[in-house]
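**Student:** Please find one structure pasted underneath; my questions will follow.
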Amino acid sequence: MVYLVLGCGDVGFSIASKLKESRADVTVVDIDKKNVERLKKIGFRAVLGDFRNPETLLGAGIKNSEMVFITSSYFSVTSEVLKVINKLKEEFGIDPVVVARISDDGERDEAK
């Protein structure tokens with residue numbers, strides 16, 4: 001499978017590391033240049049950019065991704081990313097499984 005991990009804080013790094021350990025094809029997207037540089041130094045495919053931007057997601061390979069993890073701790077960011085992914089799904093006929101990090105039940109309903 002091809003995985004896309006959006007955000008590389010503690011949760012994103014943990015997910016990406018587990019995927020890499022299993023030799024999965026994983027790309028990490030993060031807005032922090034230092035994080036991206038560190039990730040590349042330890043062998044990750046990492047893309048610098050704001051994953052709320054459709055061009056960033058396209059450049060990171062969302063068209064080929066079978067699963068996308070949104071790991072932001074901010075629901076406002078997660079909500080924006082979900083909207084962008086839905087738009088890309090319609091535009092390109094892609095259908096990755098999307099897993100979003102949420103912190104309360106009210107967010108779960110909105111995310112669905």
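**Student:** Return a whole-number percent for the relative contact order of the stretch 60-100, with Cα pairs under 8 Å and 6 or more residues apart as the contact set.
**Tutor:** 59
**Student:** Of the accessible area of the chain, with the probe set at 1.4 angstrom, what percent is carbon plus sulfur?
**Tutor:** After summing per-atom areas, the C and S share lands at 47 percent.
**Student:** If you count only protein heavy atoms with a 1.4 Å probe, what accessible area per residue comes out for the chain, rounded to a whole Å²?
**Tutor:** Dividing the accessible area of the chain by its residue count gives 59 Å².
**Student:** Only four residue types carry charge here, +1 at the Cβ of Lys and Arg and -1 at the Cβ of Asp and Glu. Report the dipole size of the stretch 1-67 about the Cα centre in Debye, rounded to the nearest 20.
**Tutor:** Working: 11 positive and 9 negative charges, 47 e Å.
Result for the stretch 1-67 is approximately 220 debye, rounded to the nearest 20.
**Student:** Once every DSSP H run of n ≥ 4 in the chain is given -39500 (n - 2.57) and the sum is divided by its residues, what mean residue ellipticity at 222 nm do you get, rounded to the nearest 500 deg cm²/dmol?
**Tutor:** So the calculated ellipticity at 222 nm is -14000 deg cm²/dmol.
**Student:** Considering the dipole of the stretch 1-101 built from charges on the beta carbon (Lys and Arg +1, Asp and Glu -1) around the Cα centre, which of Leu57, Pro96, Gly7 is farthest to its positive end?
**Tutor:** The Cα lying farthest towards the positive end belongs to Gly7.
**Student:** Taking 2.2 N^0.38 Å as the expected size of a compact globular protein, what ratio does the Cα radius of gyration of the chain give against it, to two decimals?
**Tutor:** Ratio of Cα Rg to 2.2 N^0.38 Å: 0.99.
**Student:** Using the Kyte-Doolittle scale, find the helices of the chain whose mean hydropathy is at least -1.0 and whose Cα atoms extend 24 Å or more along the helix's long axis, counting only whole DSSP H runs.
**Tutor:** Correct list, ordered by number: 75-92.
**Student:** Would you mind telling me which residue in Phe51, Phe69, Phe92 has the biggest mean-square fluctuation in a Gaussian network model of the chain, where springs connect alpha carbons within a distance under 10 angstrom?
**Tutor:** Checking each option, the largest mean-square fluctuation is seen for Phe92.
**Student:** Below 8 Å, C-alpha to C-alpha, sequence gap of six or more: please give me the relative contact order for the chain in percent. Don't skip to the answer; put the middle values down first.
**Tutor:** Details: 177 pairs, mean separation 29.9, N = 112.
27 percent.
**Student:** Taking the Cα centroid of the stretch 52-105 and of the stretch 21-42, what is the distance between the two, rounded to the nearest whole Å?
**Tutor:** 17
The values are calculated or read from the model by the stated rules, or taken from the named source; none is laboratory data. Since we're looking at a predicted model, the values are computed, not measured. Using ideal geometry, Cβ is built from the backbone for each residue, glycine included, and neighbour counts are taken over all protein chains shown. Surface accessibility is based on the protein's heavy atoms, side chains included, excluding ligands, DNA and RNA. Shrake-Rupley method; radii C 1.70, N 1.55, O 1.52, S 1.80 Å.
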